[in-house]
Amino acid sequence: MRTKVVLARIRAGVLEQGTVELLNEVGVAARLHREGLIHGGIELAFAGARHRIDLKQSTGKVVTIYGQTEVTRDLMDARDAAGLQTVYAADHVSPGDYDTDHPRVSFVKDGTTHKIECDFIAGCDGFHGISRQSVPAAALETFERIYPFGWLGVLSETPPISPELIYTNHPRGFALCSMRSMHRSRYYVQCSLEDQVDQWPDQKFWDELKRRLDQEAVAHLVTGPSIEKGIAPLRSFVAEPMRFGRMFLAGDAAHIVPPTGAKGLNLAASDVYYLSRGLREYYDEKSSAGIDAYSAKALARVWKAVRFSWWMTSMLHRFPDTEGFGARIQLAELSYLVSSQAASTSLSENYVGLPY
Ligand code: PHB
């Protein structure tokens with residue numbers, strides 16, 4: 001069997017209102033408000049037609065299209081501007097003693113070993129990070145689903161095909177038309193996990209995308225050279241609990257969702273919301289109630305987003321067994337979704353983000 005490279009995770013660019021409010025609250029949302037695109041709906045395409053789901057009408061909420069890498073940049077700039085120290089590219093990071101009252105993190109930077117003594121450790125170091133891996137296996141329970149396909153994604157310096165995102169169920173596989181701005185587009189097609197990026201020259205990608213879109217959409221598609229192209233696997237993963245003594249896991253360190261519902265960054269934000277409130281309570285009110293409730297509160301919301309992302313993924317992709325029966329069930333579900341106010345409200349509530 002061919003060894004597969006684990007490629008970068010997809011960084012969707014869809015921010016829930018709660019995420020935007022959190023960024024507002026900490027004063028890092030100025031550029032987001034200038035450059036972000038407000039979307040009040042998404043489109044679902046299947047059986048040759050497109051149907052709009054009106055997020056705003058059914059929930060009163062919208063989502064903001066703003067690249068995840070831009071959020072990271074804004075956060076890094078804010079720390080710089082506040083004169084806070086951030087150590088980048090540290091080696092041999094090792095959290096320790098978090099089951100005592102004196103946790104510490106050691107790391108090597110430019111050949112020198114450093115030790116930080118602290119009250120708490122926030123393990124926000126991603127799925128492959130050391131925080132979760134440093135926890136004894138017996139203290140963790142993990143839940144996982146690996147999907148039998150990947151997403152091939154292309155970024156291009158072209159205007160988006162349509163003002164809103166289009167999620168497509170097609171016999172050839174899922175496709176998604178997204179954007180970063182009004183002059184930069186992001187497109188995805190479901191592909192095989194065996195595929196390599198170099199098997200997908202730009203022309204082949206555009207041809208495949210066109211095959212999965214309706215005529216009207218194809219007529220509006222502006223193609224151009226890809227400025228980024230990659231294949232990402234899809235996975236659902238949850239580690240429980242999210243607290244180990246004085247170390248807390250947050251974001252991808254604790255959970256992964258497939259990108260179909262654009263929930264990854266938004267879940268990291270809600271974790272941070274719960275954790276920051278808990279820590280504030282600890283210092284301001286000398287109460288551990290918030291940090292004690294952190295894991296259960298965060299996981300309750302995480303699992304709902306895991307369910308939503310799994311459901312969107314299941315409904316929109318071609319699975320090895322999506323032959324006859326499975327394909328008809330998908331179409332029946334999609335058709336129900338776009339014709340029932342109750343069903344489209346349910347999708348909308350999850351898409352714009354469940355309450356914290
Ligand atoms: C993206 O713009 O990269 C994107 C948007 C929505 C998704 C996934 C990815 O569900």
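The values are calculated or read from the model by the stated rules, or taken from the named source; none is laboratory data. A quick note: this is a predicted structure, and the numbers were derived from the prediction, not measured. Cβ atoms come from the backbone with ideal geometry, glycine included; neighbour counts cover every protein chain shown. Calculation scope for accessible area: heavy atoms of the full protein, side chains included, ligands and nucleic acids excluded. Shrake-Rupley method; radii C 1.70, N 1.55, O 1.52, S 1.80 Å.
So, taking all protein chains as they sit and a 1.4 Å probe, how much accessible area belongs to Arg145, in Å² rounded to tens?
Probe radius 1.4 Å; accessible area of Arg145 about 130 Å².
Using only the alpha-carbon atoms, how far is helix 202-212 inclined from the longest principal axis of the chain? Give it as 0 to 90 degrees, nearest 10.
70 degrees
Taking a probe of 1.4 angstrom, what is the accessible area of Arg235 in Å², to the nearest 10?
About 50 Å², ignoring ligands and nucleic acids.
Leaving ligands and nucleic acids out of the surface, order Cys118, Cys124 by accessible area at 1.4 Å, largest first.
Details: Cys118 35, Cys124 85 Å².
Of Cys118, Cys124, the descending order of accessible area is Cys124, Cys118.
Please work out the average accessible area per residue across the range 140-249, using the 1.4 Å probe convention, and give it in Å².
Value for the range 140-249: 41 Å² per residue.
Order Thr113, Thr223, Thr59, Thr260 by their accessible area, 1.4 angstrom probe, all chains in place, largest first. Can you show the working numbers first?
On the way: Thr113 100, Thr223 60, Thr59 40, Thr260 0 Å².
Descending order: Thr113, Thr223, Thr59, Thr260.
Of the chymotrypsin sites (Phe, Trp or Tyr not before Pro) in the range 254-321, which ones lie in a loop per DSSP and count no more than 16 other C-beta atoms within 10 Å?
Here no chymotrypsin sites (Phe, Trp or Tyr not before Pro) fit, given the DSSP loop and packing criteria.
Please list, in chain and number order, the residues 5+ apart from Met247 or on another chain whose amide H is under 5 Å from its amide H, with Hs placed from the backbone.
Placed amide hydrogens put Ile121 under 5 Å from Met247.
In sequence order, what are the phi-derived ³J(HN,Hα) couplings for the range 85-91 according to the Karplus relation 6.51 cos²θ - 1.76 cosθ + 1.60 with θ = phi - 60°, rounded to whole Hz, with x for glycine and proline?
8, 10, 9, 9, 6, 7, 9
Just the number, please: percent antiparallel of the DSSP beta bridges in the chain, rounded to the nearest 5.
90 percent
Does anyone have the angle between helix 341-352 and the longest principal axis of the chain? Alpha-carbon axes, 0 to 90°, nearest 10?
For 341-352 against the chain, the angle is about 40 degrees.
Give the carbon-plus-sulfur fraction of the accessible surface of the range 7-79 in %, rounded to a whole number; probe 1.4 Å, heavy atoms of protein chains only.
Exposed carbon and sulfur together represent 52 percent of the surface.
Lysine pairs in the chain 8 or more apart or on different chains: how many have alpha carbons under 21 angstrom apart?
10
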